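Trainee: Pasting in a structure now, in structure tokens, and then I'll have a few things to ask.
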Amino acid sequence: MEQKKTILIVEDEKNIAQVLAYNIKKKGYDCLIAYDGEAGLKMALEEQVDLVLLDIMLPKMNGFEVCENIRYKSQVPVIFLTAREEQKDKILGLETGADDYVTKPFSFPELLLRIEANIRRASGEVVRARKGEDNASRTIKVGELEIDTEHYSIRKGGEELELSKKDYDFILFLAENLGNAYSREELLEKIWGYDDYYGDIRTVDVTVSRIRKKIEKDPAKPEYLMTKRGVGYYLCRR
Ligand code: CA
């Protein structure tokens, strides 16, 4: 039998955390709860966790700091629970390495959809199902970039880049389709796994700017991850 996936909820409002945990468990997941940022970070790194739901305003350490600290050590998917109307929170959250966010008050079915999509993607199922191939290990080279599909890592000029799983999936997808430009909507579907889901296309833009900071010499003048005006993004055939 497949092992149950474990979801960590980091949320200081006990009612919200407990109702969430109750609903998540009903869907067949295990659940851990942390009521402050420090405890959440500790659990995210020390327990076997498959996904983190992370509030922003938390005692002891806020959600952004928790996320940044998780990212130093782990690629576990992180979904921020953001308050309504705070677009800057969403952007900042994605910049600290979160995979996604939902806006409070959110509907549970919507959250569940995000949880499932992010867990599927993190386990590589989306990428593999899409490619219809098994885990054949190989390295894809694009200029100075070397994508190591066995270790899910990317090197530039021989040095390993610090990337989230999402960043990796994003670069891998474009590298496998080198030179082809994809719209934000297509990228949301292919990389985030949101079939029939109306995602926020700004998620794609923020991810692109985060990746550019990591792979480009000058993020303002990209040489790898290019914008095709009126179409979308592509990885340059160098
Ligand atoms: Ca809070």
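Trainee: With +1 assigned to the C-beta of every Lys and Arg and -1 to the C-beta of every Asp and Glu, and no other charges, what is the dipole magnitude of the chain about the Cα centre in debye, to the nearest 20?
Mentor: Details: 39 positive and 44 negative charges, 113 e Å.
The dipole magnitude comes to about 540 debye.
Trainee: Straight-line reach from LYS14: which aspartates and glutamates have a Cα under 13 Å away, not including same-chain ones fewer than 8 places off?
Mentor: List returned: ASP36, ASP55.
Trainee: DSSP loop (so not H, G, I, E, B), at most 15 other Cβ within 10 Å: list which GluC sites (Glu not before Pro) in segment 1-110 pass both filters. Spell out each step's value before the answer.
Mentor: Values: sites: GLU2, GLU11, GLU13, GLU38, GLU46, GLU47, GLU65, GLU68, GLU85, GLU86, GLU95, GLU110; in loops: GLU2, GLU11, GLU13, GLU47, GLU85, GLU86.
When the GluC sites (Glu not before Pro) of segment 1-110 are filtered for loop state and at most 15 Cβ neighbours within 10 Å, GLU2, GLU13, GLU47, GLU85, GLU86 remain.
Trainee: Using a 10 Å cut-off on Cβ atoms, rank the peptides 170-177, 52-59 from the highest mean neighbour count down. Mind showing how you got there, number by number?
Mentor: Values: 170-177: 19.5, 52-59: 22.6.
Highest-to-lowest ranking by the protection proxy: 52-59, 170-177.
Trainee: Let me ask another. Quick check: Cα centre of segment 57-113 to Cα centre of segment 198-238, how many Å?
Mentor: If you average the Cα positions of each part, the centres end up 22 Å apart.
Trainee: Taking all protein chains as present, what is the carbon and sulfur share of the accessible area of segment 6-123, in % to the nearest whole number, probe 1.4 Å? Can you show the working numbers first?
Mentor: Numbers: 2690 of 5390 Å².
Answer for segment 6-123 is 50 percent, counting heavy atoms of protein chains only.
Trainee: If you don't mind, there's one more thing I want to ask. Starting from the eigenvalues of the Cα gyration tensor, five times each then square-rooted, give me the equivalent ellipsoid semi-axes of segment 16-112, largest first, whole Å. Display every interim value, and only then the final one.
Mentor: Numbers: eigenvalues 68, 60, 29 Å².
Three semi-axes, in Å: 18, 17, 12.
Trainee: Moving to a separate point now. Tell me the mean residue ellipticity at 222 nm calculated for the chain from its helices only (DSSP H runs of n ≥ 4, each -39500 (n - 2.57), averaged over every residue, nearest 500). List each step's numbers first, then the result.
Mentor: On the way: 9 runs with 99 residues, N = 238.
Computed ellipticity for the chain at 222 nm equals -12500 deg cm²/dmol.
Trainee: If you don't mind, another one. Accessible area of THR139, 1.4 Å probe, to the nearest 10 Å²?
Mentor: 70 Å²
Trainee: While we're here: Can you tally the net charge around ASP36? Count Lys and Arg as +1, Asp and Glu as -1, for every other residue whose Cβ sits under 13 Å from the Cβ of ASP36.
Mentor: Numbers: positive: LYS14, LYS42, LYS60; negative: GLU11, ASP12, GLU13, GLU38, ASP55, GLU65.
Neighbourhood net charge equals -3.
Trainee: Expressed as cubic angstrom per residue, what is the convex hull volume of the alpha carbon set of the chain? Intermediate results must be reported in sequence, preceding the final value.
Mentor: On the way: hull volume 31.7 nm³, N = 238.
Enclosed volume per residue, from the Cα hull, is 133 Å³.
Trainee: Which links in LYS5/LYS166; LYS73/LYS166; LYS4/LYS141; LYS88/LYS141 stretch past 26 Å when you go from one Cα to the other? Write out the running numbers ahead of the final one.
Mentor: Details: LYS5/LYS166 19 Å; LYS73/LYS166 15 Å; LYS4/LYS141 36 Å; LYS88/LYS141 35 Å.
Distance filter (> 26 Å) returns LYS4/LYS141; LYS88/LYS141.
Trainee: Take the Cβ-Cβ distance between ASN180 and GLU110 as r, set R0 to 22 Å, and report the resulting FRET efficiency rounded to the nearest 0.05. Walk me through the intermediate numbers first.
Mentor: Values: r = 31 Å, r/R0 = 1.40.
The formula returns an efficiency of 0.10 here.
Trainee: Give the aspartates and glutamates whose C-alpha is closer than 19 Å to that of LYS27, dropping any in the same chain fewer than 8 places away, or say none.
Mentor: GLU2, ASP50, GLU110, GLU116
Trainee: THR227 versus TYR22, label points 7 Å from Cα toward the beta carbon: distance in nm?
Mentor: About 4.7 nm separates the two model spin labels.
The values are calculated or read from the model by the stated rules, or taken from the named source; none is laboratory data. Bear in mind that the values here come from a model prediction, so they are computed numbers and not experimental data. So basically every Cβ, Gly included, is an ideal-geometry build from the backbone, and we count neighbours across all protein chains shown. Surface areas here come from the heavy atoms of the whole protein model, side chains and all, with no ligands, DNA or RNA. Shrake-Rupley method; radii C 1.70, N 1.55, O 1.52, S 1.80 Å.
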